[in-house]
Amino acid sequence: MAEKRWIAETLFDDLGFRMSYQVDKVLYEMQTEHQHLVLFEHPFFGKMLMLDGATQITKRDEFIYQEMMSHVPLFAHGQAREVLIIGGGDCGIAEEVLKHKSVKRLTQVEIDAAVIEFSKEHFPEFTKPVFADKRFESVIDDGMKYVARTERRFDAIIVDSTDPQGPGKVLFSQKFYAACKRCMNKGAVLVTQNGVPMFQPNELASSVAKFRRLFADGACYVAAIPTYIGGHMAMGWASDDRRLRQTPVKALAARHRKAGAFSTRYWTPEVHAAAFALPRFIADVVARARPRR
């Protein structure tokens with residue numbers, strides 16, 4: 001009997017440990033122009049996608065990340081009409097964003113065309129409703145270049161990036177955040193994927209320091225996502241409107257009702273508000289994030 005294949009997550013090799021996942025079946029594996037991509041079936045997590053040795057999405061827990069990356073900024077803003085997603089080629093976040101009736105146009109900028117085509121084949125549950133929605137616009141471009149030159153202005157920018165390695169590295173730079181601010185409307189909000197503070201505190205501190213150099217409010221909120229190992233996952237937060245981060249539960253609940261009270265599996269008005277209450281060790285990392293001069 002052939003020995004079962006295991007695929008290791010190599011993201012934390014520098015810390016001296018790996019998580020390995022048993023492979024029931026490899027569905028797809030390739031080296032794209034930008035990154036190594038593998039999709040496989042896992043006995044518990046179901047369909048799993050890894051890019052360059054880092055877990056991106058699993059069937060079992062994708063809803064947590066997708067909901068918290070989309071509903072927190074949009075319900076905090078309350079009337080976002082123009083939304084930009086950088087990355088997010090699987091279209092999971094796009095599907096959540098389009099549940100908001102206030103959104104008139106959603107533009108998604110993905111650097112890797114192969115990821116889009118791959119997702120259309122392997123994640124039709126996300127891509128079909130998204131590409132069928134007339135409000136959705138798919139752009140194949142470098143996210144850094146797009147925000148630096150676009151004439152468009154956005155109410156919310158969601159950066160669904162990989163970790164700061166390979167093509168995702170520039171999406172953690174001061175230059176990128178400044179370019180995002182350039183194309184944000186007054187009162188807009190920027191949300192980013194900012195890693196696991198237990199294992200990647202410097203990544204979070206660095207991003208928040210850069211936010212505070214550019215915006216009136218730079219912070220983060222957290223969610224617990226099992227396959228993003230290490231406990232809490234941090235989402236970076238930047239806005240010139242300090243009130244957005246403190247939107248009351250009652251206001252969030254009213255906005256959810258106005259949006260059609262669509263069903264969620266993780267996000268609730270109460271979870272939204274509580275996500276900004278940081279455990280002390282994460283709050284300490286954020287407190288140390290001084291603006292870079």
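The values are calculated or read from the model by the stated rules, or taken from the named source; none is laboratory data. All values derive from a computational prediction rather than experimental measurement. Quick reminder, even Gly has a Cβ in these numbers, built from the backbone with ideal geometry, and neighbours come from all protein chains shown. Just the protein is used for accessible areas: all its heavy atoms, side chains included, with ligands, DNA and RNA removed. Shrake-Rupley method; radii C 1.70, N 1.55, O 1.52, S 1.80 Å.
Only one residue in Lys99, Lys134, Lys120, Lys104 is open to solvent by 10 Å² or more (accessible area, probe 1.4 Å), modelled with pLDDT under 95 and basic (Lys, Arg). Which one?
Step by step, each of Lys99, Lys134, Lys120, Lys104 is checked, and only Lys120 is open to solvent by 10 Å² or more (accessible area, probe 1.4 Å), modelled with pLDDT under 95 and basic (Lys, Arg).
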Exercise for review: Using the structure shown, decide if Arg290 is on the phi < 0 side of the Ramachandran plot, more than 21 Å from the chain's Cα centre (by Cα), open to solvent by 40 Å² or more (accessible area, probe 1.4 Å) and without any contact (Cβ under 8 Å) to a residue 40 or more places away in the chain.
Suggested key: no
Expected single match for under 27 Å from Arg18 (Cβ atoms), crowded, with 18+ Cβ neighbours inside 10 Å, in contact with a Ser or Thr (Cβ under 9 Å, 6 or more places away or on another chain) and modelled with pLDDT under 95 among Thr227, Thr192 is Thr227
In segment 90-103, anything farther than 18 Å from Ala261 by Cα and outside any helix (DSSP H, G or I) is listed as Asp90, Cys91
Residue within segment 17-38 that is in contact with a helix residue (DSSP H, G or I) (Cβ under 8 Å, 6 or more places away or on another chain) and closer than 30 Å to Leu252 by Cα present: no
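Report, by residue number, each residue of segment 1-31 that is out of contact with any strand residue (DSSP E or B) (no Cβ under 9 Å at 6 or more places or on another chain) and part of a loop (DSSP other than H, G, I, E, B).
Met1, Ala2, Glu3, Gly16, Phe17 - these are the residues of segment 1-31 that are out of contact with any strand residue (DSSP E or B) (no Cβ under 9 Å at 6 or more places or on another chain) and part of a loop (DSSP other than H, G, I, E, B).
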Scanning segment 32-56 residue by residue, those part of a strand (DSSP E or B), open to solvent by 10 Å² or more (accessible area, probe 1.4 Å) and without any contact (Cβ under 8 Å) to a residue 40 or more places away in the chain turn out to be His36, Glu41, His42, Gly46
Exercise. Does Ala261 qualify as being in a loop (DSSP other than H, G, I, E, B) and open to solvent by 50 Å² or more (accessible area, probe 1.4 Å)?
Worked result: yes
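Inside segment 111-168, can you point out the residues that are outside any helix (DSSP H, G or I), among the small types (Gly, Ala, Ser) and without any contact (Cβ under 8 Å) to a residue 60 or more places away in the chain?
Passing the criteria: Ala132, Ser138.
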- Somewhere in segment 251-258, is a residue closer than 22 Å to Asp163 by Cα and part of a helix (DSSP H, G or I)? no
Scanning segment 65-110 for residues that are of a type in the set (A, V, I, L, M) and in contact (Cβ under 8 Å) with a residue 60 or more places away in the chain gives Met68, Met69, Val72, Leu74, Ala76, Ala80, Val83, Leu84, Ile85, Ile86, Ile93, Val97
